[in-house]
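Coordinate-derived values only; no laboratory data. Note that the structure is predicted; figures quoted are calculated from it, not measured. Glycine also receives a Cβ, built like all others from the backbone with ideal geometry; neighbour counts cover every protein chain displayed.
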RNA sequence: GAGAAGCUAGCUCAGUCGGUAGAGCAACUCCCUUUUAAGGAGUGGGUCCCGGGUUCGAUUCCCGGGCUUCUCACCA
């Protein structure tokens with residue numbers, strides 16, 4: 001390492017002084033810690049309106065020192081644990097010599113254990129009168145200081161790069177960051193509980209796959225040494241989960257990471273969390289209701305209301321949500337009527353491009369009718385779907401795993417929920433006809449051969465599985481990170497992923 | 001992958017029309033035993049992101065590079 005900063009050196013000096021005195025600055029354990037919020041509530045009342053008796057029993061707690069107000073022989077500290085803060089009053093009157101030595105060698109960022117009586121200061125601040133003070137972990141890397149008054153914070157950290165690269169600092173210093181990831185945890189737990197209550201089972205399927213299918217995306221490639229084979233990080237668990245339905249499980253879900261070797265943006269991280277849910281003897285209508293149920297349940301359980309503030313909007317998650325057909329939504333919001341071509345076996349590309357160009361869409365480089373339609377959808381419809389909306393009946397051409405609408409050659413039983421202009425999920429009545437599935441895979445391969453971008457890889461064992469027989473099944477995928485963004489009112493996916501991918505620093 | 005913006009003390013930020021830089025907080029020394037953005041007196045702290053060029057002299061101007069953010073493209 002290079003030269004130490006002055007601050008770091010000063011801390012090492014203090015550390016040495018503590019060690020010289022025979023005090024362990026990193027002791028093995030402190031096992032009596034009580035939760036600060038809980039002990040505050042117990043001593044000072046539910047609404048902070050009680051004053052503990054003169055001889056209140058001492059309590060033990062611990063946390064990071066986030067403020068020091070040195071009054072000479074006495075000091076006021078604020079310590080912070082996962083959920084809250086409390087003030088400590090400590091002086092040489094009640095501390096023994098070693099503990100007082102620790103007090104006078106304290107730095108912001110140290111983690112200390114305290115035993116003390118609850119009391120109120122003259123100004124009424126709930127406090128602990130320290131009877132002992134134990135160094136639990138000496139801080140050598142100074143933390144940014146956050147001062148607060150009347151809800152306003154001063155300084156703190158706003159360097160976004162530091163918040164992502166050194167999330168531990170962000171969490172230690174920024175209450176909003178801690179709250180966001182507690183919320184994320186609560187969301188995951190609530191979804192699991194909700195599904196378990198309906199007799200879904202949680203399963204785990206391979207992350208390392210010989211064929212990366214189930215979605216159209218570029219995979220990460222890796223290599224297994226002992227077998228000497230190429231493997232891919234999964235881009236979706238879909239085809240494995242449906243194998244489980246073939247096997248006889250009727251309600252399964254998997255909530256875990258997917259990996260896609262694509263760009264990074266405020267909506268995209270190369271590894272992201274999806275939940276996929278499959279229910280036998282159900283269809284996409286069932287999954288639509290399940291989607292509404294999950295979102296509404298989360299809102300009521302976690303926010304206490306179906307009305308959710310997001311940016312300058314208030315999102316109403318109250319079911320039922322608005323439903324609109326894919327082509328219908330395009331007609332409504334762009335004026336382009338593609339539905340009139342549905343009777344034709346091969347809808348005309350040239351005509352579609354002309355229509356798109358007429359309203360200013362850049363469709364000249366597109367090759368197929370449905371690509372033009374999808375462009376119109378993403379340009380003219382998606383951004384406008386702020387309130388929860390189920391877009392239904394997607395084109396078969398871009399849905400190789402979904403079941404056709406009976407009698408309709410072009411559309412499938414598929415829907416995508418949209419909120420705040422973002423796609424929150426994807427669901428359909430699962431294609432269970434093995435021969436049809438084989439044809440769809442072949443069509444994907446053909447499109448790829450013609451130079452299409454990403455297409456879905458053929459998984460021949462999955463076709464075999466379908467030949468064994470899969471009951472009619474509804475499937476649903478929800479992007480968990482985006483869902484957390486919605487509930488946490490965040491506009492960047494990096495704010496809801498603890499350690500988002502960044503380019504390594506050299 | 002493209003464009004725009006940013007990078008200065010531990011943190012948040014000023015600033016230098018080219019003469020090697022400041023503030024607040026944090027830190028250090030001293031005073032203060034119920035303070036709370038505690039207060040008072042004093043002190044220290046910087047490869048101004050990196051490399052090259054122009055120049056007597058570059059943190060500042062030019063060129064190249066790095067990282068981040070935002071927008072766009074691919075995607076969920």
Worksheet item: Over chain A, what is the relative contact order in whole percent, taking alpha-carbon pairs under 8 Å and six or more residues apart?
Response: 12 percent
Worksheet item: Using alpha-carbon positions, what is the distance between the centroids of segment A:4-81 and segment A:344-422, in Å?
Response: 60 Å
Worksheet item: Which ordering of A:373, A:484, A:145, A:28 is given by a fewest-first count of other beta-carbon atoms within 10 Å?
Response: A:28, A:145, A:484, A:373
Discussion item. Cut-off 17 Å, label point 7 angstrom out along Cα-to-Cβ of residue A:303: give me the residues of segment A:357-391 whose amide nitrogen falls inside.
Written reply: A:385-390
Worksheet entry | chain A, helix-only ellipticity at 222 nm - DSSP H runs n ≥ 4, -39,500 (n - 2.57), divided by all residues, nearest 500 | -9000 deg cm²/dmol
Worksheet item: Taking the Cα centre of each part, how many Å lie between segment A:126-181 and segment A:432-476?
Response: 51 Å
Practice prompt. State, to one decimal in nm, how far the label point of residue A:83 lies from the label point of residue A:137, with both points 7 Å from Cα in the Cβ direction.
Written response: 2.0 nm
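Going by C-beta contacts inside 10 Å, put A:277, A:229 in order with the fewest on the left.
A:229, A:277
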Worksheet item: What distance in nm separates the simple spin-label points at residue A:20 and residue A:74, each placed 7 Å from Cα in the Cβ direction?
Response: 3.0 nm
Discussion item. Suppose we keep just the DSSP beta bridges with both residues in segment A:6-143; what percent of those would be antiparallel, to 5?
Written reply: 90 percent
Worksheet item: Using alpha-carbon pairs under 8 Å, 6+ residues apart, how would you state the relative contact order of segment A:6-143 in percent?
Response: 27 percent
Worksheet item: With each pseudo-label sitting 7 Å past Cα toward Cβ, what's the residue A:147-residue A:46 distance in nm, one decimal?
Response: 3.7 nm
Worksheet item: What's the extension gain from residue A:230 to residue A:162 if we count 0.36 nm per residue and subtract their Cα-Cα distance?
Response: 20.9 nm
Discussion item. What is the distance in Å between the Cα centroid of segment A:236-254 and that of segment A:200-222?
Written reply: 13 Å
Practice prompt. For a footprinting-style exposure proxy, rank A:281, A:249, A:89 by other Cβ within 10 Å, fewest first.
Written response: A:281, A:249, A:89
